[in-house]
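The values are calculated or read from the model by the stated rules, or taken from the named source; none is laboratory data. Quick caveat: nothing in here was measured; it's all calculated off a predicted structure. We place every Cβ from the backbone using ideal geometry, glycine too, and count neighbours over all the protein chains shown. Ligands, DNA and RNA are stripped out before the accessible areas are found, and what is left, the full protein with its side chains, is counted by its heavy atoms. Shrake-Rupley method; radii C 1.70, N 1.55, O 1.52, S 1.80 Å.
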Amino acid sequence: MHTTAPAIEVEGLVRSFGDVHAVDGISFTADRGQVLGLLGPNGSGKTTTVRMLSTLLPPTGGRASVLGDDVVADAAGVRRRIGLTGQYASVDEALTGRDNLVLIGRLLDLPRREARARATELIDRFGLTEAAGRRAGTYSGGMRRRLDLAASLVGRPEVLFLDEPTTGLDPLHRNEVWDSVRRLAEDGVTVLLTTQYLEEADQLAHDLVVLDRGRIIASGTAAELKSRAGGRRLHVRPEVAAESGNVAAVVARETGVEPTVEPSGEVTAPTTGTTALRRVEDRLDADGVVIAEIGLRLPSLDDVFLSLTGATAEKTATADSTAPAAPAGGSR
């Protein structure tokens, strides 16, 4: 039946462990075909939220539905239409990449021929053709993650939950996973992505929900959240890092704001317009300071998190000791 209802709908969702509220009354929606990012440090409630939405953990209060099916009243209906990839790749290292996918297909009651055809389709889609006949134990981290994503799609889910899918990956392999997520969204799959990587959320998510200590502290598009962190920022990077002190003095004088000096020598300060940039550039030119880069930029998501919580995501990240660990492998 055709419907325009949200793919994911959450109202006042709560999950408590004793006296600790891991998730404390959150509400949000995700449209069909959208990548919704749940952003927050470890312990913010991201994984607990995913476990409730994927029917692995019953809520203590509130309600949630996926594709119109209630996660408690119709858990089986939800499971038939979703895929879940956990924080760590769960592939059978003794099997080849192809056999991993065929096995998942057979477990989903696909006929043998259909399971093999689906495996071949996904292997090609995720760029694993040359490695399809190799044992998964020989795969690189990025290849294992792509295989894990492929396994989550064997059953053609309409909604896919990705719980910190790039944890532990280097930048190259992280980019491989990002490309895969973008293709999923282009194909109309709704993706709920949890991450503590600000760049990842900025790259992939259409909308963001920022969690901290089990509560939503902000939501909106990346651009909307950045606007909440203040106006544009003046960035100046001298050719010689040792000149950063002189640059900082000029920036402070021309903007009226004490700037931030990064270890790289880059100097940043908030500003309301382009006149301060021109004044700084003219003053530094007159002083003979060679500038490698100067310009105005919107705040980053790191700036957003700082403005919302008073600390960067990395500094606020703590081990999540309130909730039982999610299964190590991705659920299909």
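Can you send over the carbon and sulfur percentage of the accessible area for the range 180-272, probe radius 1.4 Å, protein chains only? Don't skip to the answer; put the middle values down first.
On the way: 1920 of 4340 Å².
Roughly 44 percent, rounded to a whole number.
Reported to the nearest whole Å, the Cα centre-to-centre distance from the range 1-51 to the range 232-248 is 42. Calculated mean residue ellipticity at 222 nm for the chain: -10500 deg cm²/dmol, from DSSP H runs with n ≥ 4 weighted as -39500 (n - 2.57), summed, divided by the residue count and rounded to 500. Near residue 45, the amide H atoms lying under 5 Å from its own belong to 214; only residues 5 or more places off or on other chains count, and H is placed 1.01 Å from N.
By the equivalent-ellipsoid construction on the alpha carbon gyration tensor, the range 224-300 comes out with semi-axes of 20, 13, 10 Å, ordered largest to smallest.
Here, the range 60-107 yields an orientationally averaged convex hull projection of 4.9 nm² when only Cα atoms define the hull. Structure remark: mean-square fluctuation, Gaussian network model of the chain, C-alpha springs under 10 Å; the largest value among 149, 301, 284 belongs to 284. If contacts are Cα pairs under 8 angstrom and at least 6 residues apart, what is the relative contact order of the chain in percent? Normalised by residue count, the contact order of the chain is 23 percent.
Residues 197, 88 ordered from highest to lowest accessible area at a 1.4 Å probe: 88, 197.
Under 5 Å between amide hydrogens, built in the peptide plane, is the criterion, and for residue 300 it picks out nothing among residues at least 5 positions away or on other chains. Counting protein heavy atoms only, the range 1-89 has 49 percent of its accessible area on carbon and sulfur, 1.4 angstrom probe. Between the amide H of residue 232 and those of 271, distances stay under 5 Å, these residues lying 5 or more places away or on another chain, with hydrogens modeled in the peptide plane.
Using alpha carbons only, the radius of gyration of the range 142-258 set against its Kirkwood radius gives Rg/Rh = 1.13. Over the range 135-201, the ratio between the Cα radius of gyration and 2.2 N^0.38 Å evaluates to 1.08.
Applying 0.36 nm per residue to the separation of residue 221 and residue 135 and subtracting their alpha-carbon distance, the gain on full extension is 26.9 nm. Simple spin-label estimate for residue 272 and residue 95 gives 6.3 nm between the two label positions (7 Å along the Cα-to-Cβ direction from each Cα). In the elastic network of the chain, a GNM with C-alpha springs shorter than 10 Å, the most mobile of 157, 259, 58 is 259.
With coordinates expressed along the principal axes, the C-alpha atoms belonging to the range 54-183 extend over 46, 37, 26 Å, beginning with the largest.
Averaged per residue, what accessible surface does the range 10-106 expose to a 1.4 Å probe, in Å²? Before the final figure, lay out the partial values.
Values: 3630 Å² over 97 residues.
Ligands and nucleic acids excluded, the figure is 37 Å² per residue.
Working note: Cα atoms of the chain, range along each principal axis, descending, whole Å: 76, 48, 39.
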